[in-house]
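I have placed the structure first, in the form of structure tokens, so that the comments after it can refer back to it.
What follows is calculated from the coordinates using simple rules that are stated; it is not laboratory data. A quick note: this is a predicted structure, and the numbers were derived from the prediction, not measured. Using ideal geometry, Cβ is built from the backbone for each residue, glycine included, and neighbour counts are taken over all protein chains shown.
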Amino acid sequence: MKRALVIVLDSVGVGASPDANYFGDSGANTLLHIAQACANGQCEQGRSGLLHLPNLQTLGLQPCCELACKESLPLRETITPVNAAYGCATEISTGKDTTSGHWEMMGAPVLFNWGYFTNPIDSFPEDLIALFIEQAKLPGILGNCIASGIEVIERFGEQHILSGKPICYTSADSVFQIAYHESVFSSDRANTICQIARKLLNDYNIARVIARPFTGQDAKCFHRTANRKDYSIQPTETTFLEHLTNQHGRVISVGKIADIFANKGISKTLKADGMEKLMDNTIHAWKHCQEKDLVFTNIVDFDTLYGHRRDVNGYALALEKFDLRLGELLAQVKDTDLVILTADHGCDPTFSGTDHTREYVPVLARGNIQSGSIGVRNTFADIAQSLAEYFDLTPMPFGKSFLNRTH
């Protein structure tokens with residue numbers, strides 16, 4: 001039985017990519033800088049000492065990072081890769097956002113420019129907001145700025161509850177985010193508002209509209225809930241997900257994967273809040289896989305909870321907790337399976353600002369693949385091409401398979 005699993009460690013980059021300077025990201029290195037902070041005694045809350053990632057090391061994490069940035073990670077122990085293929089990949093898509101990274105790894109790189117809202121205040125065009133307010137029957141909006149998610153609800157949340165105006169904000173990504181208190185907007189009302197925004201924003205080529213619900217009594221205790229939903233633009237090319245499902249395979253989405261691909265090529269969706277539940281659902285789905293199944297998981301916590309918030313200690317602790325769960329998963333991998341761990345971009349918590357960082361991503365694999373280095377891959381799309389070869393499907397338009405070590 002052939003079954004595959006792809007886990008995206010959201011934002012776990014392994015070194016500035018060759019074009020990082022174009023994005024203002026020269027010197028970024030998410031994983032190395034976290035490991036160095038641990039080695040320097042800067043991450044002692046809930047954990048201690050050198051970063052400890054033994055299961056990722058068995059998949060070749062250390063040589064993967066050396067390929068990407070020519071530096072060794074300061075880790076607690078030296079562990080030789082076991083039955084693993086390892087390398088790193090650069091991105092050919094024009095952006096460093098979630099959508100571009102995921103679409104590219106599934107064989108549909110974004111070779112055009114997304115639209116962006118770049119003004120720090122009054123970020124959105126007046127005509128857009130006027131249409132949005134009219135069509136969604138809103139009393140107005142709050143925010144209209146570039147902001148981080150926690151800060152913006154602390155700033156405008158109480159006013160939102162009193163006025164019924166949603167909080168609309170953006171970031172360095174191609175995104176229009178709508179924050180709302182769950183007592184103010186029902187899920188149906190929020191869905192309607194987001195769908196209206198999605199339609200209006202197609203003309204601006206904005207990749208995602210994101211619903212950001214929160215609860216709490218006041219600014220001191222507001223917190224975002226697990227009911228986030230991404231309203232993505234439809235993939236512009238056929239992805240591997242559609243390629244597989246068109247050939248009678250199944251794609252089981254864990255986390256926000258289905259949203260990123262606008263549900264195209266998705267057979268089943270398992271939502272979850274937090275890394276532990278995401279891994280619970282991943283392991284459950286893996287145990288119940290059928291022939292020609294792909295389980296596709298995004299571990300979003302690394303990015304949203306720690307990368308964007310520049311929380312180095314929290315990021316380190318989350319990596320170690322993930323590594324523990326990874327051991328549980330790897331114990332269930334058979335020689336006939338194909339398991340791939342990768343990332344969609346970086347988000348160096350030691351870097352300036354709160355944006356993603358343009359970095360190499362790890363490509364770590366186990367199962368039906370020759371062990372050893374697969375080198376530096378020229379595109380994330382090599383993952384889709386390798387999956388196509390593994391499942392005996394016709395090749396994808398982009399990328400080269402690394403199953404037979406052609407690199």
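In the chain, what % of DSSP beta bridges are antiparallel (nearest 5)? Write down the numbers at each step before the final one.
Numbers: 22 of 59 bridges.
Beta bridges within the chain, antiparallel portion: roughly 35 percent.
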### Query
Using θ = phi - 60° and the Karplus curve 6.51 cos²θ - 1.76 cosθ + 1.60, what whole-Hz ³J(HN,Hα) does each residue of region 328-336 get, with Gly and Pro shown as x?
4, 6, 4, 5, 9, 8, 9, 4, 8
#### Entry: Length-normalised contact order for the chain - Cα pairs under 8 Å, 6+ apart - percent
29 percent
### Task
Could you pull out every one of the lysines with an alpha carbon less than 27 Å from that of K70, ignoring same-chain neighbours closer than 8 positions?
K96, K321, K400
#### Entry: Nearby lysines by direct alpha-carbon distance to K165 (threshold 17 angstrom, same-chain neighbours under 8 apart not counted)
K137
### Message
Whole-Hz ³J(HN,Hα) for each residue in region 123-136, computed from phi via Karplus 6.51 cos²θ - 1.76 cosθ + 1.60 with θ = phi - 60°, x for glycine and proline: what do you get?
### Response
5, 9, x, 4, 5, 4, 5, 4, 5, 4, 4, 5, 5, 8
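Just add up the charged neighbours of R189: K/R +1, D/E -1, any other residue whose Cβ is under 14 Å from the Cβ of R189.
Values: positive: K137, K165, K229; negative: E182, D188.
Here the count lands on +1.
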### Query
Residue-wise, which Karplus ³J(HN,Hα) couplings in Hz belong to region 64-78, taking 6.51 cos²θ - 1.76 cosθ + 1.60, θ = phi - 60°, and x for glycine or proline?
4, 5, 5, 5, 6, 10, 6, 10, 8, 6, x, 10, 5, 8, 9
### Task
Report, in whole Å, the centroid distance computed from the Cα atoms of region 80-109 and region 317-380.
9 Å
### Query
Which FRET efficiency value, to the nearest 0.05, is calculated for Q217 and Q45 with the Förster distance at 30 angstrom and r the Cβ-Cβ distance?
0.65
### Summary
Taking Cα atoms only, helix 149-163 is inclined relative to the longest principal axis of the chain by an angle, in degrees rounded to 10, of 30 degrees
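Going by average Cβ density within 10 Å per residue, which order do the peptides 175-181, 223-229, 331-337 take, highest to lowest?
Ranked by mean Cβ neighbours within 10 Å, highest first: 175-181, 223-229, 331-337.
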### Query
So, in nm, how far is label S371 from label N191 when the simple model puts each one 7 Å beyond its Cα toward the Cβ?
4.8 nm
### Message
As a test, work out the antiparallel percent of DSSP beta bridges whose residues both lie in region 126-232, rounded to the nearest 5.
### Response
45 percent
### Query
Mind checking which aspartates and glutamates have their C-alpha under 18 Å from K2, skipping anything on the same chain fewer than 8 residues away?
E242, E291, D293, D335, D337, E389, D392
